[in-house]
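Right, one structure below, let's go through it.
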Amino acid sequence: MLAVIGGSGFTSGYLEVFEQNFIHTPFGEPSGPIITGQIDKEQVLFVPRHGSNHSIPPHQINYRANIWALQQCGAKQVVAVAAVGGIHQSMGPLTIVIPDQIIDYTYGRKHTFFERGIAKVEHIDFSYPYREHLRQQLIGAANRLNIPIINYGTYGATQGPRLETVAEIKRMEQDGCHIVGMTGMPEAALARELNLDYASCALVVNWAAGKDTGIVELSEIERNLKLGMDQIYQLLAKFITINKC
Ligand code: HPA
């Protein structure tokens, strides 16, 4: 089954909700009950990673519990919705990006299931952190809808909850990051550890620090979240019809 992890702005309001299951995992509680519902008449699982009232900051999300609970409920594939800042000049506000690489700048997060006493030591291949066939289905959905998207991009995952300094964004740009967000890791790696197919659909909601004149305005982020998420919904709905074939 397909699971959708909702980010800022993408709530269960976009689904027809049938059922909510409170799953307890060996790693603690997920961000909320795992929702079974429909997007455009197709069944999906859903969890809002920041909680149903958007109260869990990026560094305190229980990524392990979310991924574990989704798998427990039957998820085999995960599409993560993310709000991000744009670093590359082609990735300004309201651009949709389907990233293909990640650089992880987060720290202190519970980032693996392979811990002493929990599982035996294993190393996963993570050369290509997003599953290519899911990425292609997302890109295909956008093409069919004539929604302009960027079909590549390196997602720099920062710790948050504060936004970055101008120097940090400059460094990330030199590293090769195109977009910046706070929740892409360890989520993607945990999905890979449990062998779940995972891809991400990122909406740029602001220029990253120093990429525009002045400071990052939170009101702009809010505005763009509202403006852009409907298109993300359309994209997911089309993706789901492609994915089920
Ligand atoms: N930085 C990090 N995370 C974000 C940003 C940003 O500029 N915008 C939305 N999420």
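The values are calculated or read from the model by the stated rules, or taken from the named source; none is laboratory data. In this text, all values refer to a predicted model and were calculated from it rather than measured experimentally. Cβ: placed from backbone, ideal geometry, glycine included. Neighbour counts: every protein chain shown. Side chains included, ligands, DNA and RNA excluded: accessible areas come from the protein's heavy atoms. Shrake-Rupley method; radii C 1.70, N 1.55, O 1.52, S 1.80 Å.
Return the tail of the calculated pair distribution for the range 27-81, meaning the percent of Cα-Cα pairs more than 16 Å apart. Counting every Cα pair in the range 27-81, those more than 16 Å apart make up 39 percent.
Calculated mean residue ellipticity at 222 nm for the chain: -9000 deg cm²/dmol, from DSSP H runs with n ≥ 4 weighted as -39500 (n - 2.57), summed, divided by the residue count and rounded to 500.
Measuring between alpha carbons in the structure, the pairs from 76/110; 170/211; 110/170; 76/244 lying more than 18 angstrom apart are 76/110; 110/170.
Overall, the ratio between the Cα radius of gyration of the range 141-189 and 2.2 N^0.38 Å, rounded to two decimals, is 1.39.
Around the amide H of residue 200, modelled in the peptide plane, lie the amide H atoms of 80, all under 5 Å away and 5 or more residues distant in sequence or on another chain. Of the peptides 14-23, 101-110, 55-64, the ranking by mean beta-carbon count within 10 Å, highest at the top, reads 55-64, 101-110, 14-23. Our coupling estimate for the range 89-105, obtained by passing each phi through the Karplus curve with A = 6.51, B = -1.76, C = 1.60 and θ = phi - 60°, is 4, 7, 10, x, x, 6, 6, 9, 10, 10, x, 10, 9, 9, 10, 9, 10 Hz, Gly and Pro reported as x.
Fully extending the segment from residue 54 to residue 159 would add 36.1 nm, taking 0.36 nm per residue of separation and subtracting the current Cα-Cα distance. Net length available on complete extension from residue 171 to residue 126 is 13.9 nm, with 0.36 nm assigned per residue and the Cα-Cα distance removed.
The H on the amide N of residue 42, modeled in the peptide plane, is under 5 Å from the matching H of no residue at least 5 residues off or on a different chain. Under 5 Å between amide hydrogens, built in the peptide plane, is the criterion, and for residue 208 it picks out 86, 87 among residues at least 5 positions away or on other chains. Taken about its Cα centre, the range 123-186 carries a charge dipole of about 200 debye when Lys and Arg each add +1 at the Cβ and Asp and Glu each add -1 at the Cβ. Computed over the Cα atoms of the chain, the ratio of the radius of gyration to the Kirkwood radius (Rg/Rh) comes to 0.94.
Only Cα pairs under 8 Å and 6+ residues apart enter the sum, and on that basis the relative contact order of the chain stands at 26 percent.
Of the accessible area of the range 111-245, computed with a 1.4 Å probe over protein heavy atoms only, carbon and sulfur atoms account for 51 percent. What the phi angles of the range 173-186 give under the Karplus curve with 6.51, -1.76 and 1.60, with θ = phi - 60°, is a coupling list of 5, 4, 5, x, 6, 9, 9, 9, x, 10, 10, x, 10, x Hz, glycine and proline written as x. On the basis of the beta-carbon distance and an R0 of 35 Å, residue 212 and residue 241 show a calculated FRET efficiency of 0.45. Leaving out ligands, DNA and RNA, what percent of the accessible area of the range 2-91 is carbon and sulfur, probe 1.4 Å? Ligands and nucleic acids excluded, carbon and sulfur reach 45 percent.
Taking a straight line from the alpha carbon of residue 238, these aspartates and glutamates sit under 13 Å away, with near neighbours fewer than eight places off in the same chain left out: 40, 42, 230. For the chain, the solvent-accessible area with a 1.4 angstrom probe is 46 square angstrom per residue.
Overall shape: oblate for the range 156-245, with the ratio a/c of the largest to smallest alpha carbon gyration tensor axis at 1.5 or above and b/c at least equal to a/b.
The overall shape of the range 107-223 is oblate: from the C-alpha gyration tensor, with semi-axes ordered a ≥ b ≥ c, the ratio a/c is 1.5 or greater and a/b is no larger than b/c.
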